[in-house]
Each structure stands twice: as structure tokens, then as C-alpha cells.
Amino acid sequence: MSKSTTTNQERHLPQALVSIGAPVLGCLIGLIIGAFLILLAKADPIGAYQTMLKGAFGGERQITETLLKAGPLLLIALGLTTAFRAKIWNIGAEGQYYMGALFGGLVALYLTDLPRPLLLTLMLLAAIVGGMVWAYVAAFLKVRMGMNEIISTLMLNYIAILLMEYLARGPLQEPGGYLPVSAQFDKVTKLPLLFGTRVHLGVLIAVLLVPVIYTLLWSTPLGFRVRAVGSRASVARYAGVNVEKIIVFVLVLSGGFAGLAGIIEVATLHTRLKGGISQGYGFSAILVALLGRMNPIGVTVAALFFAALIIGAESMHVVYGLPVSLADAIQAVIVLSVLAVDATARRRMDS
Amino acid sequence: MRGVPIIGGAAKKCFLKKDTKLSQASETILEMRGIVKKFPGVIANDGVDFELRKGEIHALLGENGAGKTTLMNVLYGLYEPDEGQILLNGKPIHLKTARDAIALGLGMVHQHFMLVQRFTVAENIILGQHSPREPHIEDQKAVYARLKKLSDRYCLSIHPEAEVWTLSVGEQQRVEILKALYRGAEILILDEPTAVLTPQEAEQLLEIIRVLAKEGKSVVFISHKLNEVLSVSDRITVLRDGKVIDTVQASQTGQEDLARKMVGREVLLQVSKNPAQPKEAVLVVEGLCANDARELQTLYDVGFEVKAGEILGIAGVAGNGQTELEQVIAGLRKANAGRVAICGEDVTNASPKEVGNCGLAHIPSDRYRMGVLSDFTIAENLVLQRIGQKPFTRRGWLNWKAIRQQAEELVKSFDVRTPSIEMAAGKLSGGNAQKMILARELARQPRILIAAQPTRGLDVSAIEYVHRQLIAQRDAGEAILLFSTELQEILTLSDRIAVMYEGRIVGVMDIDQADINELGLMMAGGKGLPSCEILETGGAA
Ligand SMILES: Nc1ncnc2c1ncn2[C@@H]1O[C@H](COP(=O)(O)OP(=O)(O)OP(=O)(O)O)[C@@H](O)[C@H]1O
Ligand SMILES: [Mg+2]
């Protein structure tokens, strides 16, 4: 208690109110700043924002798009939530995503003779393994050599991305093609769609993992230990927790989730192995996990918010005709404002 | 902890001319009126009046959780009071942050120091001082000179160039005092400054406090040690449940009277016990060698055994290898040579978990770095080691009902003062956090208990309770290895005493043969026995 420097007891607002109110307020501030940017570009902010809103939620198609974007973000962020709870800062989800896509993609490219259910299962499992292997490299470096996981996971990102580009240009390149892409996946590798919409199994998997991670963290001894390591590793060690094992566990788990997200995106959207299959999901998911307060339910909301923002910005550009750079800038301003207000509110509340 | 313990060094060099003593007339410098500070579920300060005079040493006394630290945090601008007023030199002041308090001449030394280990003393002190301009070289020289002067004037014997990590706990504390003085503190708040010090260092600190007061500074001194409080302070204010019970002149009161005022009943300052009935050896340590955190050898050929039903006390000046010994046995530090066995099983260099499975429980000396997860709830903290066991986990799932139920029971029986078991453990008062650790470790029903500084930071009645508990556990057949830098505690609890000096056990004796003078001599390295003889004496309990 002596660590706080400012305390204002009037600020002891109900915690729930603050955790909902702060992001909303941040979003409003972001929208206002964004409005000025739009005015500078001599466009009408109200119209632009209406387009944005419609683009994200305006109809069944738009909502579907938003859900499809939220899926991978949620999936990756759930894994990162687990790692961050142990204060293991895996920022290599992007690379793990690529490795998942690669491993799963190899199954999709070469094992098409298998019966479809088996093929799909194998493809997803291979992707999980790919992400796990990549994360395990960082875990090994940390546990055995004491290398900081922030540095190693960041570096591994570049290796994975470049490896994919090399393979797509070289050994895996479509026979006879001249683009740096692999052959197209067979139709049978498409994930099943749900209720006749374009929403596919991948989104369902992400949603189903929300309660799984929640239960893991708060209802199992393993989750207790994960949180204990994050709270203070020296105390966890004293209490008999095998800290190294926990580090490996959370890194590998978050890597597996990111890998799974990788193959889901590639199998449903790109249907080829190539560079540029991610749009920075692995990095956005870090923000999603943090903004969602490393709580699976909060993370779900944050993933939807992020997805809506991405889709909305897209339609501001495509439908309303704002320059891409402006649409992207507005998106970034909103994210920044939400994070800033949220962080401020949290600091006030903690003290 | 580090290097050679300084025994009374600083104080002796310092000669204060009697006539420099200021007239300690009743000139009030600071007044707190009707301070109320509430936390969810507790009123930590309930209408507290407190007055401090110029050149006065004013002690704050009270049970664990009575509200001492809270009151001082209010004074230092860390908490805003819900009600009440603070007057400095008769003028009302409003403190929003610690910065405001520092600007008005207040200084506080917290129980956990806030120093950057790899920085020098001077760097630590000017850290965050003048932000707009970089300190120039000439500036730095001036800083050094000023620090040296301050250090000499108040007999702190601190070298501004020394890096903090090379300093002992006592020295680091004096750096904190120096920091406050450098920032121009006229009023110094010391929250349990002696809890982490060896008796020698504590004595030295008390001397420094006297010097400070004579030089006209006012000091608020929080301590649970009644003898210290009586010897150093001018006046004593006793808090109980957030209220002021009394403010008395130190010269007109005594230990029993103070204890009664604090607790509201008679307190036995001594606990009686029956002779031990030792049985088979539970913990056997042989030829143990180990390094400290800086990879320098600290333990040399340490050997002893602890039997079921006895308490072996390890006496010694802090920093003679006790912490390392504690950690090696608990599985937290590697041994280079030698053997540790629990109940016949070799646990040399085993993990904390394996050692725990063999029946070892451990009250760590370093409670914040080792014992408490500050952002976990009290209920969670109370099951740290046993989380995976029945009934706290059933068929792979946590059983929150059982976790809460045990927490309610332990909090009640160990009198951990908290509004709720769901509160974050970091919000407990210092002494109550210690009681929580004790409750957790004793509840594990260990075969062997390492109790390192078990009563550090506890109030008199809590000490009485813990001592009774430890003796009861001994009588129930538990083996207890007690580490304490308080000789009095060693003498009260132990059945046998081993003395550590410079990483070796220099003697073992039965309690009825223990002689304070001889113990003191051995602790200072005055007399050593060859180690082979020790093992034999140890065996013949
Ligand atoms: N930040 C906080 N949030 C909630 N409760 C608190 C907080 N700080 C202190 N308390 C509560 O206020 C009461 C007084 O605590 P305080 O730390 O002032 O006691 P203390 O007299 O210093 O005790 P000790 O001798 O054990 O250090 C305790 O019940 C404690 O749990
Ligand atoms: Mg306190």
C-alpha cells in the first residue's frame, strides 16, 4: 500500500462502472479527434462515421464480416491472455500465426487424399503444433539461456514471416506459376460454415475457447499457478510452483492458439500459402488482450470492437471515399484514445 | 547484511556539545486534528489527534492494524483523509501527494526501501530531484560535498560514492534518512525502522535519532519494541482500532502499562514452557557449503540436526549465513557440498515442492519477496502450497468453498485483522501479513518447520500468541528450526541453541546451559569450537 503515490478516495467508484465507462469515454474522445482529421480533409465527419457504423454493423453481411475479423483476433488474444497472466510477454503471435499457417498448409497441400473430417482435424492440429513449436523456441531460450522472451519472440516473428515468403517463392511455389504463392488448397480444406452464413467453424472455435480459458485460469490449480507466477515469480517458486514449467506452458499454449488462427484464416480466406496473410493480427491481438484486461470476457468485447473498427475504417475508405491513410489514422487514433483513457482510469482505481 | 557488521561505529565518532541542545520548549510544529481515514470495510483512523513538537521524538504504538502506518501515510500525503485537518506551524495544509509533503519539510522512511541497487548513494538521492536541468559535473561535486557534510553532521557514516547494493540493510536505511535530510526534512517519519535491523544496528539507529532530535528535527518513530520506544522517545501515543487511547510522557510509563494500553488487557511478556521431549532426528544437515547471491562462499561445513519435539534456535548477528542456510534447506538455493535430509530422505538441492512433500514448512525471513502474493486474495494466499491437494482441488477443479472455509477459520484463529478474506493480501497491515504467513505454514502440519524471524513486525500480544503456537507445535512432536536475530526470542523458545558466525556453526548448547554473555561473545566471533565437537554436543541433547 505504500507504493501508491496518489490516492483520491472520492475515486473509489464501483469497479465495474469504470471498466465499462473508461473505454466508452476513450472511444468518444477518439471519435472527436478523428472528426477533426476528417474536417481537415474537407469531408463531413458525421457522414463518415455513419458509413463506418453501417460498414461494421449495418446488415447481416456487415455483421458477418465483423465476426469473421473478430475470430482470429479473439483466438490469438485468448492465448496471449493466458501468457500475460503469467507476465510472460509473448509478442511473437504474428510469427506463431505464420508457422501455424505453414504447418497446416502443408497438410492441406499434400494430404488431400484423406477423408475430409480427418484431413481437417489433421490440418488444424498441424497448425497448432506449428505455432507451439515456434513458441517453444522462445520458451527454450528463456528457460535454458535466460533470454528475454520479448526479444526472442519479436525476432522469431521476422524469421517466420521471411521463411513463409521464401517458401512461397521457392520450394512451395505453385508449379508453373510465376506469382510468389503456393498452389491453391483443395476445396475440401474449407472449414464448414455455420447456419448457412459465411461464419465458419473457426469463429465458433474461438468463441468456445472463451469459457475454456476462463475456467482454466480461475477454476483449476494450473491456472492458479499461472496467475501466481505472474503475481510474483519468486513467491510462486517458494510455494513449490515449477516456474519454468509454467513459462513453457503459457508460451506453448499461446503459440498453439496463434497457429490455429493462422490456418483458419488461410484455409477460409487466402486458400494459398504466401506472404501477407496476417494483416498484423498477432500484434493487434496484444492490444485486444490488454484492452480486455486479460479477462476472457473483456477480451471478447475488445476483439469485437477492434474488428468493427477495422471493417468500419475499410468502408469509410471504400464506400465514403476517404483516403486509406486517413481511415487508418482514425482507426489508430481511436485505439490510442481508448487505451490511454483506460490506462488512466485503471491507475486511478488501483491507488 | 553485507560486509562486516558495524557495531556502534558511527555513534561513537560523534560528539555533540551539550550546549548545542535546543531548548525543547513545548513549541508545537505539527498538529493532526480529528483525522478519519476509511477503507472499504475498515475505519483505519477514527478521529485521531496527534501533535508533534520541535526537537521531539514522538513514538506511535499500537497493535497490528491499529492504523499507525495509515496515519503516517496521511501525514505524508499518500492518502487524503476523509475528515480532519493537518496544521503545520499553526497553518492548515493540504497535501495531495508526497511531493507536497516533501516540499513542506516532511520526510518518510518506509519499511521497504525504495533505492536503485546499482546506483550510488548520491545518484539515488538526486534521482528525480531537479528535473528541468541535467546535473552538471560541478553540480555533482557540490551534491557530494553537501551529502558528506550532512552525513557527518548527523553521524550517518554514509559514503555518497558507494553503490547501494554493497550496503547493509542498516546502511540502506541511513541512506533513506540522508535522502530525507537532503531534501530539507524538518520532520522525519520512520515506520518500523528497527524491524529489519540487528540489535546492534538498531542501537546505532536510535543514537542517530537522538542526534537528529538534538539538532532540532522532529521524529515520529513507529516500533513494536517497547524497550526501544521507552528508551528513545519523549512522548508516546498509543493507537487502538484507529483511535488514540492515550498520549504519555515516556518517563512516566513502563512496558506493562504500554502493553495494557495497546491491547486493552494484561499481556504476558514472557511465555513459559515445559522441557522438551525430543525424539528421532527429523532434519539432518551435514557439511553444508553454499554461496550467497553474489556467488561468494557464505556457508562453510554447516552441520546439525533437529529432532521431533524440539526447537533448535540459530542465533547470530544477521548476515552470518543464516539467510543462505534457511534458503538451502527450503530448496531455494543450491548447496555446493554437503547433505540435507528430512526424515531420512535425502533432499539436498531438491525443489521447494519436493522438500514440502517431505513435510517441510517455511516461514520466510523475507516476507515480501517470498511469502506473500500482494495482488492475490487472502484466501488464495492461505492455500499457496496446498492448492493442488484435497480438499482445495477435487477431481482437477478448484474447490472455492473449501478454500474460503479454511481461510475464514485461519483468519479467525490467528486473528488476522481484515474486513474480508477476499481482500488483496497486499492491503493487510505489515503485522497482519506476517500473521497470515504463520497461519498458512502452521496449517500445513509440517514435520519440520523453518521459522525465520517469525515475529518480525508483530505487536506484543501477537508475539505472545505466536510463541505459544510454536511451543504447542513442538509439544505435538514437530521439529522446529528457529532463526532469529532477537537473542531474547532465541532464549525464550529454543531447547538448544546453535550460534552462527561467518558462515560456520561455532557452538551448540542446551538452553539450561546457555549464558547470555557467552552467547554474545560467540556471536561476535570471540569463541569457536571445531566443528566435529559440535556435532557430538548437538547429538547429546
Ligand atoms: N490500502 C488499503 N486498502 C484497504 N485497507 C487498508 C489499506 N491500508 C491499510 N488498510 C487497513 O487499515 C488498517 C490499518 O492498517 P495500518 O497499516 O495503518 O496498520 P498498522 O498500525 O501500521 O499495523 P502494523 O503494526 O501491522 O504495521 C488495517 O485493517 C488494514 O488492513
Ligand atoms: Mg504498519
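The values are calculated or read from the model by the stated rules, or taken from the named source; none is laboratory data. It should be emphasised that the depicted structure is a prediction, and the values quoted were computed from it without experimental measurement. With ideal geometry, Cβ positions are generated from the backbone for all residues, glycine too; neighbour counts draw on all protein chains shown. Accessible surface is based on the protein model in full, side chains and every heavy atom, while ligands, DNA and RNA are left aside. Shrake-Rupley method; radii C 1.70, N 1.55, O 1.52, S 1.80 Å.
Values computed for the structure shown
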| read-out | value |
| --- | --- |
| Meets criteria (in the same structural domain as residue B:508 (by TED's automatic domain parsing) and of a type in the set (A, V, I, L, M)) for residue B:315 | yes |
| Helices (runs of 4 or more DSSP H) enclosed by segment B:170-276 - at least 3 residues per element that are touching a Gly at 6+ places or on another chain (Cβ under 9 Å) | B:199-214 |
| Selection count, segment B:175-206, where residues are within 19 Å of residue B:147 (Cα to Cα), under 18 Å from the mean Cα position of the chain (by Cα) and without any contact (Cβ under 8 Å) to a residue 60 or more places away in the chain | 1 |
| Residues being buried (at least 23 other Cβ atoms within 10 Å of the Cβ) and at positive phi - total across segment B:464-480 | 0 |
| Odd one out for residue B:416, checked against (1) more than 14 Å from every other protein chain (Cβ to nearest Cβ); (2) among the aliphatic types (A, V, I, L, M); (3) within 16 Å of ligand 2 (Cβ to nearest atom); (4) assigned to a helix (DSSP H, G or I) | (4) |
| Residue in segment A:31-48 that is surrounded by the fewest Cβ atoms within 10 Å (Cβ to Cβ), counting only those that are over 11 Å from residue A:329 (Cα atoms) and touching a residue at least 60 places away in the same chain (Cβ under 8 Å) | A:47 |
| Selection status of residue A:97, more than 22 Å from residue A:171 (Cβ to Cβ) and modelled with pLDDT of 95 or more | no |
| Failed criterion for residue A:261 (all others in (1) part of a helix (DSSP H, G or I); (2) modelled with pLDDT under 95 hold) | (2) |
| Residues of segment B:87-113 that turn out to be in contact (Cβ under 8 Å) with a residue 60 or more places away in the chain and within 13 Å of chain A (Cβ to nearest Cβ), as a count | 7 |
| Qualifying residue in segment B:181-204 (condition: open to solvent by less than 10 Å² (accessible area, probe 1.4 Å), closer than 19 Å to residue B:107 by Cα and of a type in the set (Phe, Trp, Tyr)) | no |
| Residue that is farthest from ligand 1 (Cβ to nearest atom) [pool: residues in segment B:77-86 that are over 19 Å from residue B:428 (Cα atoms) and more than 8 Å from chain A (Cβ to nearest Cβ)] | B:85 |
| Leading residue by the ranking (nearest to the other protein chains (Cβ to nearest Cβ)) among those in segment B:342-374 that are basic (Lys, Arg) and within 23 Å of the chain's Cα centre (by Cα) | B:369 |
| Pairs with Cβ under 6 Å, 6+ apart, first in segment B:51-64 and in contact (Cβ under 8 Å) with a residue 24 or more places away in the chain, second basic (Lys, Arg) and surrounded by 22 or more Cβ atoms within 10 Å (Cβ to Cβ) | B:60/B:68; B:62/B:68 |
| Selection count, segment B:389-421, where residues are open to solvent by 40 Å² or more (accessible area, probe 1.4 Å), free of Cβ contacts under 8 Å to residues at least 40 places away in the same chain and not polar (S, T, N, Q) | 12 |
| Cross-chain or 6+ apart pairs with Cβ under 6 Å, segment B:427-440 first and farther than 11 Å from residue B:411 by Cβ and within 12 Å of chain A (Cβ to nearest Cβ), then within 10 Å of ligand 2 (Cβ to nearest atom) and not in a helix (DSSP H, G or I) | B:427/A:1; B:429/B:64; B:429/B:65; B:430/B:457 |
| Filtered residue count, segment A:117-154, keeping only those that are on the phi < 0 side of the Ramachandran plot and either of a type in the set (A, V, I, L, M) or outside any helix (DSSP H, G or I) (or both) | 25 |
